[in-house]
Amino acid sequence: MPPTVTVLGTGGTIASTAEGGGATPTLSTDALLEAVPGLAEVADVRTEQVAQIPSYELDFETAAEIRTTAADAADSSDGVVVTHGTDTMAESAYLLDLTFAADVPVVFTGAQRRPDEPSPDGPSNLLTAVRAAVHDRLADVGGVYVAFDERLHAARDVQKVHTRRLDAFASPDAGHVASFTPEGVRFVREPGSRSDPFPGTAVDPDLSVPIVSSGIGVDATALECAREAGADAVVLEGTGLGNATAPLGDAVRETVERGVPVVVTTRCRAGSTAPVYGASGGGQTLAEHGAVFAGHLPAEKARLKLLVALSAAVSVDVATLFEDE
């Protein structure tokens, strides 16, 4: 008896056409599966349409619906696949990884080229995702992943690193989990989830955790505005190891003094943050002001972890939250 996989459709480029204007999701999940040759030989596939939106419009209500539907599907399937837009796929997968202790593999996938463009990559990516969702090595550990361009990435580590190329996703520090070819699967590191500390948590839509970026000549206006507007925490996307301009450094001190946590990440797509440099905006100075460093997490994922933690608990020890990152 073949394994069963439930494919949850949410829209994105993989389901989009450009009839009469800009690309928008129009194709059903069933229609996407019809374009995948050999799928029936891999698994007995069921479908459910959760949403039909571009992922840049994803909100926390829809993300919670993805989690709930994935959890229900996991009860009756050997694996779950989520078709999703690529813009926020890495975030959506990580958010699910934080809030759903998946006993079966949950694999996100999508496309860079629409079905009505030459050589669409959606069918290949969808086949890879289903193959991953039923693979014995993943069945033993569960977890949340992204399958793209014949590679499998862990949700915690994956980032979208190119706007157009078919190999749009990478795991800059950890590396991908496995490579898929027509002949077989090669695992290059152990699969599994590194997250799920807040199972079942839905993000409180009233919480505010903005991202403020540093760069040449950036003043404190954005951070001050966020603080005065009532931000519950702030993510500072610094330069290099996690540094900022002098005005931002001073604003970090005042922000932390007012009881608003500041978490420092880096604009670099690889490497971890570290409190090394001095002067007014250097990482060591920011740490002395009480800022917390996010390790390897990029700004968008640090923000999600803060939002989930703040939604789950009345009091959050931000330093402990990021100590293993």
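GNM on the chain, C-alpha springs below 10 Å: top fluctuator among T13, T69, T109?
So, out of T13, T69, T109, the one fluctuating most is T69.
Express the relative contact order of the stretch 4-187 as a whole percentage, based on alpha carbon pairs under 8 Å and six or more residues apart in sequence.
Computed value for the stretch 4-187: 21 percent relative contact order.
Given a Förster distance of 35 angstrom, what is the FRET efficiency for V276 paired with A23, based on the Cβ-Cβ distance and rounded to 0.05?
FRET efficiency, V276 to A23: 0.20.
Pick out which of E224, E41, E300 has the largest mean-square fluctuation in a Gaussian network model of the chain, springs linking Cα atoms closer than 10 Å.
Maximum fluctuation in the GNM of the chain, among the listed residues, is at E41.
Kindly give Rg over Rh for the stretch 20-60, based on alpha-carbon atoms, with the Kirkwood expression for the hydrodynamic radius.
On the way: Rg = 13.2 Å, Rh = 12.5 Å.
Result for the stretch 20-60 is an Rg/Rh of 1.06.
Report relative contact order for the chain in percent, whole number only (criteria: Cα-Cα under 8 Å, sequence separation at least 6).
Across the chain, relative contact order equals 13 percent.
For a footprinting-style exposure proxy, rank S213, S77, S193 by other Cβ within 10 Å, fewest first.
Least crowded to most crowded, the residues run S213, S193, S77.
DSSP beta bridges in the stretch 211-321, what fraction antiparallel, as a percent rounded to 5?
Of those bridges, close to 10 percent are antiparallel.
Using a Gaussian network model of the chain with C-alpha springs under 10 Å, which one of A302, A287, A229 is most mobile by mean-square fluctuation?
Evaluated over the chain, the most mobile residue of the options is A229.
When the dipole is taken about the Cα centre of the stretch 4-187, and only Lys, Arg (+1) and Asp, Glu (-1) are charged at their Cβ, what size is it in debye, to the nearest 20?
On the way: 12 positive and 28 negative charges, 96 e Å.
Computed charge dipole of the stretch 4-187: roughly 460 debye.
Mind pulling the angle between the C-alpha long axis of helix 89-99 and the longest principal axis of the chain? Nearest 10 degrees, somewhere in 0 to 90.
On a 0 to 90 degree scale, this one is about 80.
Going by C-beta contacts inside 10 Å, put I216, I211, I66 in order with the fewest on the left. Numbers along the way, then the final one.
Numbers: I216 6, I211 17, I66 24.
Taking fewest neighbouring Cβ atoms as first place, the list is I216, I211, I66.
So for the chain: antiparallel DSSP bridges make up what percent, rounded to the nearest 5?
If we restrict to bridges inside the chain, about 35 percent are antiparallel.
For C225, C268, what's the fewest-to-most ordering of other Cβ within 10 Å of each Cβ?
C225, C268
Quick one: which residues, 5 or more positions from V264 or on another chain, have an amide H under 5 Å from its amide H? H modelled 1.01 Å from N in the peptide plane, none for Pro or chain starts.
Excluding prolines and chain starts, which carry no amide H, the hits are L236, V292, F293, A294.
State the antiparallel share, in %, of DSSP beta bridges confined to the stretch 187-272, rounding to the nearest 5.
So the antiparallel bridges in the stretch 187-272 amount to around 10 percent.
FYI, it's all coordinate maths here, none of it is from the lab. Small disclaimer: the values here were computed from a predicted structure and weren't measured. All Cβ positions, glycine included, derive from the backbone under ideal geometry; neighbour counts span all protein chains shown.
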